Structure formats: C-alpha cells, structure tokens
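For reference, the structure is listed below as structure tokens.
The values are calculated or read from the model by the stated rules, or taken from the named source; none is laboratory data. As the structure is a prediction and not an experimental result, all values here were calculated from the model. Note: ideal-geometry Cβ built from the backbone for every residue, glycine included; neighbour counts use all protein chains shown.
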Amino acid sequence: MSLIRSLFFVSTFIFVGALAAPMSFAIEIHSSGNSCNNRQGVGGKFEREFFVFFEPSSTALDREDKAIIREVYERATGQHAVQVCLFGKASKTGNPASNAALARGRSEAVATELRRLGWSRGDIAIEPEGETWGWLDELTWEADEDRRVRIRLSL
C-alpha cells in the first residue's frame with residue numbers, strides 16, 4: 001500500500017510541477033484580464049474556429065479581416081455566446097519579446113474591431129500564444145500560420 005501511495009505522490013508531484021513550469025509562449029499577461037472559458041456548448045455548438053491573417057510585422061486589418069470579425073460578432077450575438085477568445089501568433093524568427101508584443105497587438109486589433117461592433121470588452125479573452133511553436137520546419141516569417149489570430153466562441 002505504501003508503494004502505491006508513494007507512486008501516487010510522485011506522479012501527482014510531476015503532474016503539478018509540469019503545470020506550474022513556465023512556458024515560453026505564455027509569458028504575456030492576459031491583456032483583457034480574462035481567460036478563455038473554452039466551453040463549446042451542447043453538441044460542440046462553438047467548435048468552429050475563425051482565423052484572421054496578417055502581413056509580416058503588421059497588426060493592420062483589411063476589409064476581408066473585418067468581414068470575418070463581423071461574422072464572428074454576428075454568430076456570437078445570434079448564438080448567445082458569452083465570450084470571444086482571441087489567440088494571437090507571430091513568427092518564430094527574430095526577437096521573442098517583440099514577437100510576443102506583435103502577437104498581442106494582433107489580438108488587440110481584432111478585439112478593438114469586435115468592440116467597435118458592440119461586443120463588450122469584458123467578454124473578450126486574449127490568450128497569449130506568442131511565437132509559433134515551430135512544429136513545422138517549413139514555417140517561416142513568410143507563412144500565414146505564423147501571422148494570425150485564432151478566434152473561438154465560448155459559453
């Protein structure tokens with residue numbers, strides 16, 4: 001019995017320690033003050049994700065981006081979402097701090113457009129993703145996947 005208890009303690013310690021370990025992409029503080037609830041609703045009502053892509057080193061939204069954000073706003077209000085979650089990304093090349101700021105700036109640009117449409121500031125969660133994870137070697141500063149905000153609705 002003491003062996004089982006010891007193994008449980010060690011595995012719990014490792015699991016909790018892994019949760020507490022700092023991750024390089026999560027250095028930022030949530031600029032919205034909220035975390036994403038990640039509640040998709042019955043039957044995965046909010047399972048779909050939306051994407052807004054940016055030019056290199058830019059936080060500017062174009063007409064197509066604003067149309068996507070309007071669609072998100074209309075779905076959120078029409079389907080009674082409680083929260084809009086924004087996950088910004090930037091290139092994995094260059095200065096990590098600058099990339100984190102750029103990723104946050106991209107999320108802030110999307111949040112500003114959502115607020116302009118009427119979505120409440122308190123119902124927007126900006127979660128840091130910062131630089132891309134580099135899980136594909138062919139992703140560079142030229143890749144669209146490196147320069148985006150992923151948008152998810154939540155209850």
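Among what's in segment 79-98 and is part of a loop (DSSP other than H, G, I, E, B) and in contact with a strand residue (DSSP E or B) (Cβ under 8 Å, 6 or more places away or on another chain), pick the residue that is farthest from residue 149 (Cα to Cα). Even if it seems obvious, please write down each step before you answer.
Residues of segment 79-98 that are part of a loop (DSSP other than H, G, I, E, B), as a first pass: 79-82, 91-95.
Of the ones still in play, those that are also in contact with a strand residue (DSSP E or B) (Cβ under 8 Å, 6 or more places away or on another chain) are 79, 81-82, 91-92.
Numbers: 79: 21, 81: 19, 82: 19, 91: 12, 92: 15 Å.
Filtering first and then ranking leaves 79.
Looking only at residues that are of a type in the set (Lys, Arg) and over 16 Å from residue 105 (Cα atoms) in segment 51-72, which one is surrounded by the most Cβ atoms within 10 Å (Cβ to Cβ)?
If we filter segment 51-72 for residues that are of a type in the set (Lys, Arg), which is where we start, we get 63, 66, 70.
Subsequent filtering for residues that are over 16 Å from residue 105 (Cα atoms) retains 63, 70.
Values: 63: 6, 70: 13.
For segment 51-72, the residue satisfying everything is 70.
Can you say whether residue 75 is surrounded by 11 or more Cβ atoms within 10 Å (Cβ to Cβ), modelled with pLDDT of 75 or more and within 20 Å of residue 113 (Cβ to Cβ), as far as the supplied structure shows? Quick ask: steps written out before the conclusion?
Working: surrounded by 11 or more Cβ atoms within 10 Å (Cβ to Cβ): yes; modelled with pLDDT of 75 or more: yes; within 20 Å of residue 113 (Cβ to Cβ): yes.
When the stated conditions are applied, residue 75 passes them.
Among (1) modelled with pLDDT under 80; (2) surrounded by fewer than 17 Cβ atoms within 10 Å (Cβ to Cβ); (3) closer than 30 Å to residue 79 by Cβ, there is one condition residue 135 misses while meeting the rest; what is its number?
Status for residue 135: all satisfied but (3).
Look at segment 22-49 and say how many of its residues are at negative phi, at pLDDT 55 or above and assigned to a loop (DSSP other than H, G, I, E, B).
Qualifying residue count, segment 22-49: 10.
Among 70, 106, 116, which is the only one that is under 13 Å from the mean Cα position of the chain (by Cα), farther than 20 Å from residue 38 by Cα and in a helix (DSSP H, G or I)? Spell out how you get there, then give the answer.
On the way: 70 fails: under 13 Å from the mean Cα position of the chain (by Cα); 116 fails: under 13 Å from the mean Cα position of the chain (by Cα).
Matching residue, one of 70, 106, 116: 106.
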